[in-house]
Amino acid sequence: MNIHSEQQTSKHFSTNIAVIGAGLMGRLIALSLLEQGHQVTLFDKDSKAGKNSAAYAAAGLLTPLGEAMHSPANIVEMGFAALKCWPNILAKLDGYTYFQHAGSIVVSHEQDLSDYQRFTRFLESNYSQYALKKLNREQLLALEPELGRSFNQGLFLPEEGQLGNRKLLIALEKQLELAGVVWQEHSKVLSIDEHESSVTIDYQQGQAINQARHQTSYDFIVDCRGSGARENTTKAKPLSDLRAVRGELFQLYAPHIELKRPIRLMHPRYQLYIAPKTKGFYVVGATEVESEDLAPMTVRSSMELLSAAYSVHPGFAEANIRQHVTQLRPAFSDNQPQIFIDTRIAQVNGLYRHGFLVAPIVLAQLEFAIEQRLLTLGGQPSQPLAESPYHSLLAIEEKTTPRRIKSNL
């Protein structure tokens, strides 16, 4: 899983490490640490299925150009770098995963044509190094026959793709168990105390009220709690800027529809997408709603998402609604992921709506930061964090002040 080097490092000593948060990043880094020979305990307030994680309520889109107008340039570049990494990561998993690298298509209805044209001009002006192809109706029919029935033109972005987010979570769960992880399900971490020679986690385990408190010490801790890290973390200053952004999606079953690629529909208020999955399943969602409300989807949101799907393909009128999901995604004010490394604590957060898009790059940076810190703790020479593999895209911020972190995870 260690992707910043082809050779597994053996320079640092084997340590007892706790990873807090079993979402996408928590599972990826836990497996990486296990493969390097460390003992790993994974804490999460959810079950192993991870159905309350932001990674579960996602589409797994790997569409850096599709995000370009609303994302900093480094996110786009991380997205393209990550597309090259994902096949290697998935190949190391024994469980079934789904990865598609056949491009995506952007379309627009006539009333939103100005937004479509502005998006096209933006890509041509700022990302001319990446391929894009303007499609007329005949070309659209040839590429996506069923899409050409509703639109006269489209924009084909051939370097984009997608993966199966839920299939990946399941495959990572199985791989972690095979690798010997200690998985603490339904564990509410109350605080983290950093000492000179260890870090102590204070937690409650179980779903019943007034569970007994437990304390366990580790050599090192990796904090991947997502939006949960903003609760009662006033002493964890790097995360004081964290907010939650609502994401909404439908899972539809429409075996009679044959769309092959992710479709992005220009919309004046939302970024709407339709992601075809395997066996007739589709995910329809809006990638960003600036709200911290975790209540069920509203009638308005439901109507807008479903009507958008219907407007792309009338066949969605007969689709079965298998699931509607709302979840909160962690984001800082600049919508950038951030990594903080302390003496015995690493924190990664703020992946926003870009979790699957940039995860391999965040993972490589996190692996590097942890490896260098463990070398230092073991009394061995380490490299400057500025020499990390993707420093120009995602810098690692170093903190050296021990602190107590409270949590409601």
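The values are calculated or read from the model by the stated rules, or taken from the named source; none is laboratory data. On a predicted model such as this, the values are computed, not experimentally measured, just so you know. Note: ideal-geometry Cβ built from the backbone for every residue, glycine included; neighbour counts use all protein chains shown. Please note that ligands, DNA and RNA were not included when accessible areas were found on the heavy atoms of the full protein model with its side chains. Shrake-Rupley method; radii C 1.70, N 1.55, O 1.52, S 1.80 Å.
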### Message
Please verify whether Asn16 is open to solvent by 30 Å² or more (accessible area, probe 1.4 Å), in contact with a strand residue (DSSP E or B) (Cβ under 8 Å, 6 or more places away or on another chain) and modelled with pLDDT of 95 or more, treating the condition exactly as stated.
### Response
yes
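For Ile201, are the conditions met, namely being of a type in the set (Val, Ile, Thr) and assigned to a strand (DSSP E or B)? Even if it seems obvious, please write down each step before you answer.
Numbers: of a type in the set (Val, Ile, Thr): yes; assigned to a strand (DSSP E or B): yes.
When the stated conditions are applied, Ile201 passes them.
On the basis of being surrounded by fewer than 19 Cβ atoms within 10 Å (Cβ to Cβ), modelled with pLDDT under 95 and more than 17 Å from the chain's Cα centre (by Cα), does Glu110 make the cut?
Working: surrounded by fewer than 19 Cβ atoms within 10 Å (Cβ to Cβ): yes; modelled with pLDDT under 95: yes; more than 17 Å from the chain's Cα centre (by Cα): yes.
So Glu110 fits the description; yes.
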#### Entry: All positions within the range 386-406 that are within 19 Å of Leu239 (Cβ to Cβ) and either modelled with pLDDT of 95 or more or outside any loop (DSSP other than H, G, I, E, B) (or both)
Leu394, Ala395, Ile396, Glu397, Glu398, Arg404, Ile405, Lys406
### Message
Return the residues of the range 204-237 that are at pLDDT 90 or above, crowded, with 22+ Cβ neighbours inside 10 Å and assigned to a loop (DSSP other than H, G, I, E, B); say none if nothing qualifies.
### Response
Cys224, Arg225
### Query
Does the range 314-331 contain at least one residue that is without any contact (Cβ under 8 Å) to a residue 40 or more places away in the chain and either open to solvent by 30 Å² or more (accessible area, probe 1.4 Å) or β-branched (Val, Ile, Thr) (or both)?
yes
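On the given criteria, is Ser53 touching a residue at least 40 places away in the same chain (Cβ under 8 Å), closer than 25 Å to Gly148 by Cβ, of a type in the set (S, T, N, Q) and in contact with an Asp or Glu (Cβ under 9 Å, 6 or more places away or on another chain)? If you could, list the steps in order and put the result at the bottom.
On the way: touching a residue at least 40 places away in the same chain (Cβ under 8 Å): yes; closer than 25 Å to Gly148 by Cβ: no; of a type in the set (S, T, N, Q): yes; in contact with an Asp or Glu (Cβ under 9 Å, 6 or more places away or on another chain): yes.
So Ser53 fails the test.
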### Query
Do any residues in the range 376-395 that are surrounded by 12 or more Cβ atoms within 10 Å (Cβ to Cβ) have Cβ atoms under 7 Å from those of residues that are charged (D, E, K, R) and part of a loop (DSSP other than H, G, I, E, B), where the two are at least six apart or on different chains, and which pairs are they?
Gln380/Lys11
## Note on the structure
Per the list (1) open to solvent by 50 Å² or more (accessible area, probe 1.4 Å); (2) touching a strand residue (DSSP E or B) at 6+ places or on another chain (Cβ under 8 Å); (3) of a type outside the set (S, T, N, Q), residue check on Arg300 breaks on (2)
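So is Ile370 modelled with pLDDT under 95 and open to solvent by less than 70 Å² (accessible area, probe 1.4 Å) or not? Lay out the reasoning, then the answer.
Details: modelled with pLDDT under 95: no; open to solvent by less than 70 Å² (accessible area, probe 1.4 Å): yes.
When the stated conditions are applied, Ile370 does not pass them.
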### Task
Quick one: count up the residues across the range 111-158 that are closer than 21 Å to His313 by Cα and among the basic types (Lys, Arg).
3
